[in-house]
Amino acid sequence: MTQIKSHAYAELPQEFYNLQNWQGFENPSVVIENAQLKQDLGIKNIQKQELLEIFNGSLTIETLKPLSMVYAGHQFGQYVEQLGDGRGLLLGQISSQKDLIDIHLKGAGKTPYSRFGDGRAVLRSVIREYLCGEAMHAFSIPSSRALMIIGSDEIVIREKSETAAMLVRTAKTHIRFGNFEYFHYNNKPEHVKALADFCINQYPAYFSKTKNAYEDFFRTVVKQTACLIAKWQAYGFSHGVMNTDNMSILGETFDYGPYGFMEDYLPPYVCNHSDHQGRYAFKNQPYIGLWNCSALGDALSSLISEESQGEILQTYEVIFQNTSAELFRKKLGLGQEKSEDAALIQGLLDIMESEKLDYTNTFRNLTQALNAQKTPELDSEIAQSWIVSFQERHAKESLPISEKLTLMNQINPKFILRNYMAQEAIDAAESSDYSKLETLITVITSPFEELEKYQNFANKSPAWAKDLEISCSS
């Protein structure tokens, strides 16, 4: 597998990681492999069995330098001085067209950072992560993606007995805000600088070697974070655990745990049953993104003045608001920017909240209001008044209705990954039936298509699935 290069991160000082091997399974099996991602990475000719042997550790690749990264982080607002890869290893980088992509193995066994954990992941959690990475990619939201799930007959204990599994994960980077925090709070400014220099050199598509390279580095991270969270909000995605150790410096979504795509529009929605205070509620995500950027700014204080940090952090809200406004205008089929648009968008959200409307289906069905058809969700008196305003606003647009409808259906999905769908696929997979998982992947990777055969996947969740609680344990 010549595409896997020796690992650039392994060339940093020893304090950044621990070099080690991983613990494969005695009886590994392929639960699913990502054919599209294999093609994207230029490895479609490598057979499934060979990949299984490589990532289970039974086939040696000399260029791999598996390592567990050390980092810290603020978890639910409290600083934790050492976290690190407690069950994951960064194996190397794979050359993909013009990019180098990290290859990471989750559930690979104990590391020095495992604390009291067993270093394993469970089938339930890796299926959820695989599914959400594909769903986010289909929405063009930056995200880690999984190449393969490796199953086993090894039993691990969480809230109950479950089977262990490993996830072969790809991302542009695995460097987190918490990597910088670890060295800052351990009074190692030389390592903060070394890591910043590494990022600037390693990711030229994002960062430049300018006169004010560190300020520009921080400015880019703030921008990427603001844009990412604006996209989360536009698609109703709730991450659930926005700790600084789960925040990528390139603005990719990763470390999926108790996430959820909001169904009924409820801004205080909390998808993590461990988040008793609602710190990471859906409505709080934009603010938490800024809070996390501020924490990163503190970690970079040996490189960037407090004054510069403050100036850069002030750009976050403007970027978030502008990105969000653009996305919501597109969701409403509006190509031009008008002063009344903010009130129109907020008016719809207020109706959706008060009438407990399904977030995804309401936006998808807005096309009916332009076609002079009745919109099932918007049938109250106040909603009908909003539709009149919506139609009047569209009268100021120059595009033909047919083009507007096409554009709206390209940004408002028909299908989202509802938690009960993931749970049904998991239940079947735990009995070695992967057909539901494969069907669900077909649907969520084509979220804007009509897919009449799979109409039931566009329906609201059944009553029993409305309050599914998702835990962090995996």
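Confirm whether ILE319 is surrounded by fewer than 19 Cβ atoms within 10 Å (Cβ to Cβ), within 30 Å of THR220 (Cα to Cα) and in contact (Cβ under 8 Å) with a residue 60 or more places away in the chain.
Here the answer is yes, as ILE319 does meet what is asked.
Residues being under 23 Å from LYS98 (Cα atoms) and at pLDDT below 95: count how many of those fall in the range 206-232.
So the count comes out to 3.
Which is of a type outside the set (A, V, I, L, M, F, W, C), part of a helix (DSSP H, G or I) and under 30 Å from LYS356 (Cβ atoms), of GLN224, GLN233?
The unique qualifying residue is GLN233.
Among the candidates LEU37, LEU105, LEU64, which residue alone is assigned to a helix (DSSP H, G or I), at negative phi and touching a strand residue (DSSP E or B) at 6+ places or on another chain (Cβ under 7 Å)?
LEU37
I'd like the full set of residues that are surrounded by 20 or more Cβ atoms within 10 Å (Cβ to Cβ) and in contact with a helix residue (DSSP H, G or I) (Cβ under 9 Å, 6 or more places away or on another chain), limited to the range 263-275.
Once the filter is applied, which keeps residues that are surrounded by 20 or more Cβ atoms within 10 Å (Cβ to Cβ) and in contact with a helix residue (DSSP H, G or I) (Cβ under 9 Å, 6 or more places away or on another chain), the range 263-275 yields GLU263, TYR265, VAL270, CYS271.
Just one of (1) surrounded by fewer than 19 Cβ atoms within 10 Å (Cβ to Cβ); (2) within 14 Å of LYS223 (Cβ to Cβ) trips up ALA325, so point out which.
(2)
Given LYS396, LYS414, LYS404, LYS356, which one is part of a loop (DSSP other than H, G, I, E, B), surrounded by 16 or more Cβ atoms within 10 Å (Cβ to Cβ) and charged (D, E, K, R)?
From the options LYS396, LYS414, LYS404, LYS356, the qualifying one is LYS414.
Scan the range 114-133 residue by residue and report those that are of a type in the set (Gly, Ala, Ser) and not in a helix (DSSP H, G or I).
SER114, GLY117, GLY119, ALA121
Being over 21 Å from GLN97 (Cβ atoms) and of a type in the set (Ser, Thr, Tyr) is the filter here, so list the residues in the range 8-65 that pass it.
Once the filter is applied, which keeps residues that are over 21 Å from GLN97 (Cβ atoms) and of a type in the set (Ser, Thr, Tyr), the range 8-65 yields TYR17, SER29, SER58, THR60.
With the checklist (1) closer than 21 Å to GLU134 by Cβ; (2) not in a loop (DSSP other than H, G, I, E, B) in hand, flag the one item PRO258 doesn't pass.
So PRO258 meets the others, but not (2).
Among the residues of the range 58-83, count how many are under 20 Å from THR173 (Cβ atoms), at pLDDT below 95 and within 24 Å of the chain's Cα centre (by Cα).
2
With the requirement that a residue be over 19 Å from GLN309 (Cβ atoms) and either among the acidic types (Asp, Glu) or not in a loop (DSSP other than H, G, I, E, B) (or both), what does the range 192-215 give you?
ALA194, PHE198, ASN201, GLN202
For the range 73-92, name all the residues that are farther than 26 Å from ALA164 by Cα and either among the aliphatic types (A, V, I, L, M) or without any contact (Cβ under 8 Å) to a residue 40 or more places away in the chain (or both).
GLN78, VAL80
Name every residue in the range 9-44 that is surrounded by fewer than 18 Cβ atoms within 10 Å (Cβ to Cβ) and of a type in the set (Gly, Ala, Ser), in order of residue number.
ALA10, SER29, ALA35, GLY42
The values are calculated or read from the model by the stated rules, or taken from the named source; none is laboratory data. These numbers were taken from a predicted model, which means no experiment stands behind them. Backbone-built Cβ (ideal geometry, glycine too); neighbour counts: all protein chains shown.
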